[in-house]
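Peer 1: What follows is a structure written as structure tokens; I'll ask about it next.
What follows draws every value from the coordinates through simple rules; no lab data is involved. From a predicted model like this one, the values you see are computed outputs, not experimental measurements. Don't worry about glycine lacking a Cβ; one is built from the backbone with ideal geometry, like all the others, and counts go over all protein chains shown.
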Amino acid sequence: MSLSLSVGTVPGPRKDPSVAAALGRRRKRADLVVRTLCIAATLVGLAFLASILVTLTYRGFEAMSLRVFTHVTAAPGSDGGLLNAIVGSLIQALMGTAIGTPIGMLVGTYLAEYARGSRLGNAVRFVSDILLSAPSILVGLFVYTIIVLPMGNFSGWAGVAALSIIVIPVVVRTTEDMLQLIPNTLREAVMALGAPKWRMIVFVCWKSARAGIVTGVLLAVARVAGETAPLLFTSLGNNTWSTDLGRPMASLPVTIYSFAASPFEDWIALAWAGALLITLGVLGLNILARSLLRSRK
Amino acid sequence: MSASTASHPVPAARARRGGGNLGDTIFEWACRGAGLFVLALLGAIIVELFIAGLPAFQAFGVGFLTSTEWDPVQEVFGAGVSVYGTVVTAVLAIVLAVPLAFGSAFYLTELAPVWLRRPVGTAIELLAAVPSIIYGMWGFFVIVPFFATNIQPVLIDTLGELPLIGALFQGPPFGTGIFMAAFILAIMILPFIAATMRDVFEQVPPVYKESAYGLGATTWEVMKGVVIPYTRVSVVGGIMLGLGRALGETMAVTFVIGNANRISTSLFGPGNTIASLIALEFGESETGSLKLASLLALGFILFFLSFVVLALSRYLLRSRLKA
């Protein structure tokens, strides 16, 4: 009885209930299959991350010792460390960030506060986005042609310049995003008090967006700390102790690259130790940046 | 701020406003100058690479693009093999990465319990933070040996025996090669594509999805019938972003592609990409040599390729950028 009722009240052509049930089962099955595949895809992604971290931890800790931090790189078999590479990386990453950050902040401020919707603003935003994803090796080649060739030698300064070019678009992106989150009423309130626009930006907008801008800077440090390709043609690498930016300078990624590709067991072990250090640093900075942003939201 | 303004008498405030105008002019021009600097920077990169590569373009003409020669002894250079390797690895990486990215984005927006979304999403995004060189080492020391002993022989015996496509899966199981490079690239670009997809999936108005659920649709049908059609353009934009990233990856590819200047029929054969060729050969090129000019010309070609792909990606993603 209920069957005839449902057939009679549903508009459209008559349906065979067994066909409808089969269709329902098929739809449910398709849904289940897709759900399972999606979970599998996520697990595969997580498995890669886990595999990388486990490998690094295992091989890195095996090779880790105090010597890594106290000795400079040395010939295979002679108990070298990574001190010069670590210091070189710190110098270049921090100086690159120190130079790139103010430029990036000014550009981000220009985009958010002065150029909303203007043609020049859109062009700058477009170019900055392209630079954000452009191959970093090309930045290295560019700096090679404009700094290394005229100066006649590879130098730490060239490495710093290459890294600062990579820092700029990262900082631009976060600065602009964060400034756009600030409600206009706040700007209007400041202007209404008679403050000039630059004071409004520096003392109110930048201050309110501080957590976000710091996040951007941390992400930029993390990004350039692991960059290898742009340094191959700029600071080149150096197997002795040197903090002179006018000379070739060692860096952790380039040292890892040359050691990992070598046939010597102890160099490969050192490369793993360096890889662990750099990954811990980079992932640590990323997690710190994220938690900083979250706590302020 | 308000206290200091209020405590000053009116004339002082006027005087300060005059100074503020000057400050405003300086600050605005500093900001605009920095913006112009970024514009000039991109222009300078393009022009510099082109000028530096000009000797190669002059020596080999348009044939430079297609020539497969790379002979440092005879001083004959061509971009054919590396352009082929760059495009094939990047496209293959997209083919491998898109299903994974889609699956995890779908899982993170529709299926996962809310408490799990943030940690899992963060973990996937951290894949993007791992430096390229680490992928190279991990790929070379972990994935390559595993693939060469456990997976590649099986693929060669099964897929390699098939007619037509069999040739793609033949050859000795070294592990390294075009396919391995594409595989590592796929993992590296996965987080970029997944993050974009997740962002745009979340922008679908809930009322659309609720309507479909209300009609009795399953989760997959809502995805297929509502979410994907609504976000299609941005999803393609996200895939283009991944492609742009894959084209220029250097260190990871250099470790696992096998570095040989030839075009193999088999995906398991060795090859090179523009970026890996530059990274490897640069150290052996003398200043002012034709080889160095050829490498810089390759850099210009790579820049052109990634610029087109990234610009297209940005155009497709413009609706998301405005939102």
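Peer 1: Please pick out the residue among A:Ile86, A:Ile39, A:Ile91, A:Ile52 that is surrounded by 12 or more Cβ atoms within 10 Å (Cβ to Cβ), touching a residue at least 40 places away in the same chain (Cβ under 8 Å) and within 12 Å of chain B (Cβ to nearest Cβ).
Peer 2: A:Ile52
Peer 1: Could you list all residues from the stretch B:284-323 that are aliphatic (A, V, I, L, M), within 17 Å of A:Gly140 (Cα to Cα) and in contact with a strand residue (DSSP E or B) (Cβ under 9 Å, 6 or more places away or on another chain)?
Peer 2: B:Ala293, B:Leu295, B:Ala297, B:Leu298
Peer 1: In the stretch A:201-222, what count of residues is obtained for those that are in contact with a helix residue (DSSP H, G or I) (Cβ under 7 Å, 6 or more places away or on another chain) and facing chain B (nearest Cβ under 9 Å)?
Peer 2: Of the residues in the stretch A:201-222, 4 are in contact with a helix residue (DSSP H, G or I) (Cβ under 7 Å, 6 or more places away or on another chain) and facing chain B (nearest Cβ under 9 Å).
Peer 1: While we're looking at this one, here's another question. Quick check on the stretch A:223-234. Is at least one of its residues away from chain B (no Cβ under 12 Å) and assigned to a helix (DSSP H, G or I)?
Peer 2: no
Peer 1: State all residues of the stretch A:104-160 that are of a type outside the set (S, T, N, Q), crowded, with 18+ Cβ neighbours inside 10 Å and not in a helix (DSSP H, G or I); if no residue qualifies, say none.
Peer 2: A:Ala115, A:Ala134, A:Pro135, A:Phe154
Peer 1: May I pose another question? Those residues that are in contact (Cβ under 8 Å) with a residue 12 or more places away in the chain and surrounded by fewer than 20 Cβ atoms within 10 Å (Cβ to Cβ), I need them from the stretch A:70-80; list them, please.
Peer 2: Of everything in the stretch A:70-80, those that are in contact (Cβ under 8 Å) with a residue 12 or more places away in the chain and surrounded by fewer than 20 Cβ atoms within 10 Å (Cβ to Cβ) turn out to be A:Thr70, A:His71, A:Val72, A:Ala74, A:Pro76, A:Gly77, A:Asp79.
Peer 1: All but one of (1) within 14 Å of another protein chain (Cβ to nearest Cβ); (2) touching a residue at least 60 places away in the same chain (Cβ under 8 Å); (3) not acidic (Asp, Glu) hold for B:Gly225; state the number of the condition that does not hold.
Peer 2: Condition not satisfied by B:Gly225: (2).
Peer 1: From the list A:Ser251, A:Ser262, which one is surrounded by fewer than 24 Cβ atoms within 10 Å (Cβ to Cβ), within 13 Å of chain B (Cβ to nearest Cβ) and of a type outside the set (Asp, Glu)?
Peer 2: So the residue among A:Ser251, A:Ser262 that is surrounded by fewer than 24 Cβ atoms within 10 Å (Cβ to Cβ), within 13 Å of chain B (Cβ to nearest Cβ) and of a type outside the set (Asp, Glu) is A:Ser262.
Peer 1: Also: Restricting attention to helices (runs of 4 or more DSSP H) lying wholly within the stretch B:224-323, give those where 3 or more residues are crowded, with 23+ Cβ neighbours inside 10 Å.
Peer 2: Helices (runs of 4 or more DSSP H) meeting the threshold: B:228-248, B:251-256, B:274-281, B:290-316.
Peer 1: Hey, among B:Glu249, B:Glu210, which residue is farther than 16 Å from B:Phe102 by Cα, of a type in the set (D, E, K, R) and within 13 Å of chain A (Cβ to nearest Cβ)?
Peer 2: The conditions single out B:Glu249.
Peer 1: Also, quick follow-up: State whether one or more residues within the stretch A:150-157 are within 23 Å of the chain's Cα centre (by Cα) and either of a type outside the set (Asp, Glu) or on the phi > 0 side of the Ramachandran plot (or both).
Peer 2: Looking through the stretch A:150-157, at least one residue is within 23 Å of the chain's Cα centre (by Cα) and either of a type outside the set (Asp, Glu) or on the phi > 0 side of the Ramachandran plot (or both).
Peer 1: Please state which one of B:Gly23, B:Gly85, B:Gly35 is assigned to a helix (DSSP H, G or I), closer than 30 Å to A:Asn122 by Cα and within 26 Å of the chain's Cα centre (by Cα).
Peer 2: So the residue among B:Gly23, B:Gly85, B:Gly35 that is assigned to a helix (DSSP H, G or I), closer than 30 Å to A:Asn122 by Cα and within 26 Å of the chain's Cα centre (by Cα) is B:Gly35.
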